[in-house]
Amino acid sequence: MESATDAIKDPYILEFLNLKEQYRYSENDLENALIDKLEYFLLELGKGFTFVARQKRISFDDKHFYADLVFYNRFLKCFVIIDLKIGEIQHENIGQMQMYVNYYDRNIKLDDENKTIGIILCQKKSDLLIEMTLPENNDQIFASRYQTVLPSKEQLRELLNSKV
């Protein structure tokens, strides 16, 4: 069985949405574009993902929260919650995702299913902010960047050279 770390990509290339890099769009615009192109987004996510819900309401103490997208991964045998963020990830986004993941683990998942995974899909991220906000043994919450256009040849070259 794959681990969550092996299954979560970074970055996701969302060029198929046709959102221009300079175009100002909202999280709602991004979500609508993803839903409109759901087949392509499922392929970009990777193997085994199935769509469960959009704007899934989570309620307690007379308060309502909405998880942007909920999927299930057949191979990981767990729910995968995706929260969409325009711009750079903030520490409060991580806390919100932790709440969603805890809710699903405590109230939705079955005993024979694995722990829920949360992915915060953002344009920019600080690995240090994420590291300091999450517990050291985190294996449930991930922040992945997305790009609306493919990297240039030069950017790809730089990326390959930095990995060597």
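The values are calculated or read from the model by the stated rules, or taken from the named source; none is laboratory data. From a predicted model like this one, the values you see are computed outputs, not experimental measurements. In this analysis, Cβ positions are derived from the backbone assuming ideal geometry, glycine residues included, and neighbour counts consider all displayed protein chains.
Quick notes
- Qualifying positions in segment 24-67 - hydroxyl-bearing (Ser, Thr, Tyr) and without any contact (Cβ under 8 Å) to a residue 60 or more places away in the chain: 40, 50, 59, 66
- Positions within segment 102-117 being out of contact with any helix residue (DSSP H, G or I) (no Cβ under 7 Å at 6 or more places or on another chain) and surrounded by 20 or more Cβ atoms within 10 Å (Cβ to Cβ), in sequence order: 104
- Residues that are part of a strand (DSSP E or B), over 15 Å from the mean Cα position of the chain (by Cα) and loosely packed, with under 15 Cβ neighbours inside 10 Å, drawn from segment 58-101: 59, 60, 63, 64, 65
To keep it simple, each residue is scored yes or no on (1) touching a Leu at 6+ places or on another chain (Cβ under 8 Å); (2) of a type outside the set (Ser, Thr, Tyr).
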{"residue": "106", "(1), (2)": "no, yes"}
{"residue": "112", "(1), (2)": "no, yes"}
{"residue": "115", "(1), (2)": "no, yes"}
{"residue": "124", "(1), (2)": "no, yes"}
{"residue": "133", "(1), (2)": "no, no"}
{"residue": "137", "(1), (2)": "no, yes"}
{"residue": "144", "(1), (2)": "yes, no"}
{"residue": "148", "(1), (2)": "yes, no"}
{"residue": "158", "(1), (2)": "no, yes"}
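- For residue 143, the test of being surrounded by 15 or more Cβ atoms within 10 Å (Cβ to Cβ), at pLDDT 95 or above and small (Gly, Ala, Ser) is failed.
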